[in-house]
Structure formats: C-alpha cells, structure tokens
Amino acid sequence: MDFEPNDNAFLDGWKLFILCGDGTIFPNDTVKSVCTNYLQNGSNLYDVLYSYTSLPIVSLERPAYRREDAYRLILPFLRAADLSNTALKNYFKNTLNITSGASRTLRFVQEFSIPFLVSSSYEHYICEVCEALDFPLENTYSMSLDLDYWDVSATEKKRLQELAAEISSMTPITAPTGDDVNLDDLTEQDRKNVLRLDDIFENELVGFQTFRMLSSSTPMGREEKAASLLDIRRKTGFDLEDMMVICSSASDTLIAHMVREGGGLVVAFNATPSAICTSNLAVVSEDTTILSFLADVFQNAGKEHVEELAANWTEEAILAAPANKYLINELLKINNNKAPLVAKINTDVSDVLYNEEFVPKFF
C-alpha cells in the first residue's frame, strides 16, 4: 500500500490513521520481555540499561543517550545468548499480546482511511503484529535489526556474558530531579554505576563485532517517529489536518505535536503525562473500540466535532454522534452501558512538551 501523491485522486475524502503502537495496541515493554526470557537476570539488566539511558545528564565528558537507546545497548548481550532472527520472531509470535479490540479497530479504519503503524520495537515484533492483525507491513515503521549478520567469536561471547552478569548485578539508577542535573547529583553508588557503564559501552566493547552492531542500529525515538511522519506525507500527499494520530508514550510527543499544530487530531490512549500534553483528547480504556468510534466521528464530521463531543462526554451525546450505530452500541456494551473515560485537553503544550512530571487536570 505504497502511495504516491499523484495516484491519490480516488482517495478524496479519506483520512490518515497513524497508530503509535507501543502502549496502545500492544505493550511497550516487548524488549524487556525478550531480555527476561533469554538472559540470566535479564529483567534487571534491562531496567539498569533503561535507567542509564533515561538519565537527564548531558555533558561533553559522556555519551548522550535517549530512553530508546536501551533497545540498542541490549543487543550485544542478546546476540551473545545466541538469539537469532528466527528465534526472535518465534518468541514474539508465541507471546504476542494485543489490546482487546485492536484487530477490529484496524479492520474498521481501513474502510475509510489509510492506516500506518509507528513503533519503537524491533521489526521482528511488528512483523508478527501485522500477520496477526492482517495489517499491511509496508505501512509500518520500526527499529530495523538483523541479528544473523553479526558473528560473535567464543572469546567475545564469553566477555559479553561476563559484562552482562556485572550489569545485571547493579541496581537501576535513580534519576535526580530538577534542572541542570549532573553526575554529582547522583548517589555515590549510582555515580559509580554510570561511570562503569560509560566505560563498558565507550571503551570495552570497542573492537568487538557487537560494537559495530550498536553503531548500525537506530532506535525509533522522537526524531525518528517525526521523520516517519514526513515520509508518510511524502508517500500519500495528505495534509496534517487530515490525520488522526494515536499516541501513548514520551517518544510519541514530537509526532503528536507536529500533527496537533498542523490541525490534525491527536488522541492519547492510556498515555503518559507528556503524551497527554501534546494531544487533543485523552482516553482511558481497556478496549480500542473507543478509537474506532472517534475515528468514525473524525471521518464523518471532522476534528472540531470530535472535540465538542469530548467536551460534552455523555451517553446522550455518544448516542447522537455521527458514527456507525452498531459501533456506538458496541462501545457502550463493552463498558457496561457506560462511556469510557474521554476528555478534551485544554492545556498549552508549549511549556510542557518534554516535561514528564506535568499532569493536566482534565478528569
């Protein structure tokens, strides 16, 4: 389903439906589950690396990381555990966990919109999601990864296993609060752990095959997801005002901000505070039928009507909404004849775009 702008005359009146999948239709801890399954004490190893890459400490003396870089830093240890492309795909296939209603939602929105899926997870996971949900793989963006390309010698494997054991024995690093954070603001033990991790990834792994693996793998963070939006626009020729984006995590904030500022509709689904701040609406639900409903209203009546509906979120307003009546009945039925939590976000996002601690008062 690879479109070019000149080929879209037959799509007049259609919308774009962009789903940032992590935390919406599938869990956002898929990589942690791989670590837990394949590495000894892998859950703590992942937590340590995630806390390390999440530190708000930037200086010329140490590498600059983003949260998503934990997905990259874990790769040498997974390869040393003999994890292959086939094994990773099979693991995801056998452990696939999809949010209730996701399959119906993605089938429904394809009747009047072009769907895209953007994810921070490995492409192996997205392949299994697409197969399970009958979603076009060519309409997805995720972290490219070829585990089989990298050969690990016995000597390198042994050293990586020793390093994995050392890292997994650490405790996750507690990030200090406030502005202008530096290493001196950490506890003594956390500071030692940070410096040791810096040394491992910047010095000890240099010369290993898996060090090249780190430099060739790019996680899907804020910037990469924003780049995927630009690519989607190039492929389809759609304006931002004709896009509906579903987001949930901090890595979705830039793509959400771009669409919101461009006049499109952004829905935060079971989202973090930073994702909520960059959205038009916030939704809390265990089922995605609410997303089908909002997409249908957006298609039939536009963004303004969706926002008016959210501002007057009552059962009567839902029943009168310009949406599929069967869908409305399903929405109320799933929630035991009660509407799921939906609210319009009125906050000014300019000052809180990257502030994880800000929580708008909307309920």
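The values are calculated or read from the model by the stated rules, or taken from the named source; none is laboratory data. The shown structure was predicted, so the numbers you read here are calculated from the model rather than taken from an experiment. Reconstructed Cβ throughout: ideal geometry from the backbone, glycine too, with neighbour counts over all protein chains shown. Areas reflect the complete protein model, heavy atoms only, side chains present, ligands, DNA and RNA absent. Shrake-Rupley method; radii C 1.70, N 1.55, O 1.52, S 1.80 Å.
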Hey, residue 154 aliphatic (A, V, I, L, M), open to solvent by 70 Å² or more (accessible area, probe 1.4 Å) and farther than 29 Å from residue 326 by Cα or not: yes
Single unsatisfied condition, residue 322 versus (1) free of Cβ contacts under 8 Å to residues at least 40 places away in the same chain; (2) assigned to a helix (DSSP H, G or I); (3) open to solvent by 10 Å² or more (accessible area, probe 1.4 Å): (2)
Number of the exception - residue 334 against (1) crowded, with 21+ Cβ neighbours inside 10 Å; (2) touching an Asp or Glu at 6+ places or on another chain (Cβ under 8 Å): (1)
Residue among 258, 244 that alone is of a type outside the set (Val, Ile, Thr), under 25 Å from residue 301 (Cβ atoms) and either in a helix (DSSP H, G or I) or open to solvent by 30 Å² or more (accessible area, probe 1.4 Å) (or both): 258
Single match in 175, 164 (criterion: among the small types (Gly, Ala, Ser) and assigned to a loop (DSSP other than H, G, I, E, B)): 175
Selection count, region 12-33, where residues are within 20 Å of residue 220 (Cβ to Cβ), modelled with pLDDT under 95, small (Gly, Ala, Ser) and open to solvent by 10 Å² or more (accessible area, probe 1.4 Å): 1
Pick from region 34-91, criterion β-branched (Val, Ile, Thr) and in a helix (DSSP H, G or I), ranking: surrounded by the fewest Cβ atoms within 10 Å (Cβ to Cβ): 86
Residue in region 268-277 that is open to solvent by less than 10 Å² (accessible area, probe 1.4 Å), of a type in the set (Ser, Thr, Tyr), under 29 Å from residue 142 (Cα atoms) and touching a strand residue (DSSP E or B) at 6+ places or on another chain (Cβ under 7 Å) present: no
In region 123-173, the residues that are under 17 Å from residue 90 (Cα atoms) and acidic (Asp, Glu): 123, 128, 131, 146, 148
Region 23-47 residues that are among the charged types (D, E, K, R), paired with ones that are modelled with pLDDT of 95 or more and not in a helix (DSSP H, G or I) (beta carbon under 7 Å, 6 or more apart): 47/172
